[in-house]
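First the structure, in the form of C-alpha cells, and then the observations on it.
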Amino acid sequence: MRRFLALLVCTAVLFGLCLFAAPSGTAQAAPPYGSWREAYTAVLTDEQARAAVIGKDADYRKSYFSGDPSALTPSAYAVADLNADGTPELLLYAAGTGLTDVFSFDGALRYLGYDAFFGFLPEDGLAVVHGHWHGAGGSGDREWSTDPLFREDGWGRVYLDRMEDGGKVRYSFEEYGAYESTDWAKPGEDEEAEARYGKLFERYVLPCVRIEDIPFFSTDNLSGFVSPCDLKLMRRLYNAVGTFPYAGEEFLREKRWEGLGLDIRDERPLRALLLDMDFDGVPELLLSNGCKRADQRASWIFRYDAMNDRMTCIGEGPDEALTNGRALYGCKTGGGEVVWTQYRKTLRGVSTRQLDKAEAGYLEKYEAPTPLKWQDPDKLAELVAKREY
C-alpha cells in the first residue's frame, strides 16, 4: 500500500512538472463541462474556450481573412438539435465571413466543423451546403452538397451540380464515394442526368430545414439557451402549414406590406416580380414603388417564412432589377459612370456589393444581364395562384 501511495505521489509530481514545462503556445485540452448549456455558454462567451475546442481548424480561416480579423467575430448563435438525438448543437455565425461553426456535446464538448451552411436534414444528421464559400469549383448557384457532421465514414455525402456554358449543360454527381461528370449537351438531351439531378435535389435540398428559418440570437443575449430549436418539429410545421403560393398570393392581394414601415407609396402604380435568389426552389418577391424616375425609384425584397407561413421583408433591393440567370443586380448611372451592384440573400437579410470596374466590364461584355419583368401585383397574384411563376 505504501509503495502504491508513493508511486501515486511521484506520478502526480511528474504530471505537474510536465504541465509547468509545457510551452505557453501549446493548445490546452478543453475543460470538462457538466451540461451542454454550460459548455455552449463557455464557447459563446469565452474566446479562449472556443479556440481550445476548435483547435487547428481555425488556422486556415485566420490566414484567409488575415486582412480583416474582425470578420471572424461571432455575431449570432442558435441552439438546435441537428441530428434529432435529444441534445442540441450550437451554431455560431459570423456575419463577416458568412460561415457557421457547429459544436456538439455528448458528455464532452466537440467541434464538428464549419461552412456556409444552407440547411440541415435532422433525420439524417446531414448539413446541406449551397455552392462553395470560396475558391474555384462548380457552378455555385446550382451546386449542392451534403456534409455528414456526425459520422466519419462518409455516409450521406452527396454532391450535385449543373453547369451551363455556351448554351450547353453538364452535370456532376458524387454518391457513395464515386464522382462522375457528364459530357456537355444541349438542355434536355441528357434526360437521365437531368432526372438524377432533380431526384437528388428533391431528396436532400428541398426538404432540409433552412438555416435562415432557425431562430438566431445576438451573442449578448443568452435566452437562446432556454428553449433549443427542435428541427424535427420545424419539419412537421413546414409540411403542415401553407406553402409559398398561398402566402405569396395573399400577400399581394391583401397588400400585406402596408403597416410594415416601408416607403412603399400608393400614389404611383406598384410593381412586383419574382426571382429565386438562392435557387432553393422558393422564389423571393421584389416590390417596387413603381416610380419611372431612377432617383425616386426603390424596391424591397421579401422572402417566404415557412415557420410563420408568411412573407417577410429582408431588406432593400435594386432600383431596377437585372439578372444574368445566376445573380440579381442593380444598375444606375451617376455622374456619367455606370454603377453595378450585386444583391445576395444571406442568413440575416440581404447583402450588397458594388462591382469594381473590371468586374463590371466583364459583366457587361460577356454576361449581358437583362432587366427582370415587373408586373402589376394583382396580375402577379393570379400567376402565383395558378403556379405559373
| query | Which residue, of 261, 330, 248, is under 18 Å from residue 372 (Cβ atoms) and without any contact (Cβ under 8 Å) to a residue 24 or more places away in the chain? | reply | 330
| Going through the range 138-175 one residue at a time, which ones are touching an Asp or Glu at 6+ places or on another chain (Cβ under 7 Å) and small (Gly, Ala, Ser)? | 138, 139, 156, 172
| query | Does the range 128-141 contain at least one residue that is in contact with a helix residue (DSSP H, G or I) (Cβ under 9 Å, 6 or more places away or on another chain), closer than 20 Å to residue 177 by Cα and modelled with pLDDT of 95 or more? | reply | yes
| note | Checked the range 100-117 for anything assigned to a strand (DSSP E or B), out of contact with any Leu (no Cβ under 6 Å at 6 or more places or on another chain) and surrounded by fewer than 21 Cβ atoms within 10 Å (Cβ to Cβ); matches are 105, 110, 111, 113, 115
| query | Given (1) more than 20 Å from the chain's Cα centre (by Cα); (2) buried (at least 17 other Cβ atoms within 10 Å of the Cβ), where does residue 243 come up short, assuming only one miss? | reply | (2)
| query | In this structure, does residue 339 turn out to be part of a strand (DSSP E or B) and either exposed (fewer than 13 other Cβ atoms within 10 Å of the Cβ) or in contact (Cβ under 8 Å) with a residue 12 or more places away in the chain (or both)? | reply | yes
| Scanning for something closer than 28 Å to residue 165 by Cα, in a loop (DSSP other than H, G, I, E, B), without any contact (Cβ under 8 Å) to a residue 12 or more places away in the chain and not hydrophobic (A, V, I, L, M, F, W, C), does the range 275-289 turn up at least one residue? | yes
| task | Only residues that are at pLDDT below 80 and either under 15 Å from residue 375 (Cα atoms) or small (Gly, Ala, Ser) (or both): list them for the range 283-296, please. | result | 290, 291, 292, 294
| message | I'd like the residue in the range 344-389 that is part of a strand (DSSP E or B) and open to solvent by 60 Å² or more (accessible area, probe 1.4 Å) and, out of all such residues, is nearest to residue 320 (Cα to Cα). | response | 371
| First in the range 190-218 and over 17 Å from residue 82 (Cα atoms) and in contact (Cβ under 8 Å) with a residue 40 or more places away in the chain, second anywhere and open to solvent by 60 Å² or more (accessible area, probe 1.4 Å) and part of a loop (DSSP other than H, G, I, E, B), Cβ under 6 Å, 6 or more apart | none
| field | Condition broken by residue 262, with the remaining ones in (1) open to solvent by 30 Å² or more (accessible area, probe 1.4 Å); (2) farther than 15 Å from residue 305 by Cα; (3) not in a loop (DSSP other than H, G, I, E, B) satisfied | value | (3)
| query | Residues 43, 79: which one is under 21 Å from residue 127 (Cβ atoms), part of a helix (DSSP H, G or I) and either free of Cβ contacts under 8 Å to residues at least 12 places away in the same chain or open to solvent by less than 40 Å² (accessible area, probe 1.4 Å) (or both)? | reply | 43
| remark: Checked pairs for the range 302-323, first outside any strand (DSSP E or B), second among the small types (Gly, Ala, Ser), C-beta under 6 Å and 6 or more apart or across chains, list as 309/242; 309/247; 318/330; 319/294; 319/330
| Residue in the range 222-230 that is under 21 Å from residue 285 (Cα atoms), touching an Asp or Glu at 6+ places or on another chain (Cβ under 9 Å) and touching a residue at least 60 places away in the same chain (Cβ under 8 Å) present | no
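The values are calculated or read from the model by the stated rules, or taken from the named source; none is laboratory data. Quick caveat: nothing in here was measured; it's all calculated off a predicted structure. Please note: Cβ atoms are built from the backbone with ideal geometry, for glycine as well, and neighbour counts cover all protein chains shown. Only protein heavy atoms, including side chains, enter the accessible area calculation; ligands, DNA and RNA are left aside. Shrake-Rupley method; radii C 1.70, N 1.55, O 1.52, S 1.80 Å.
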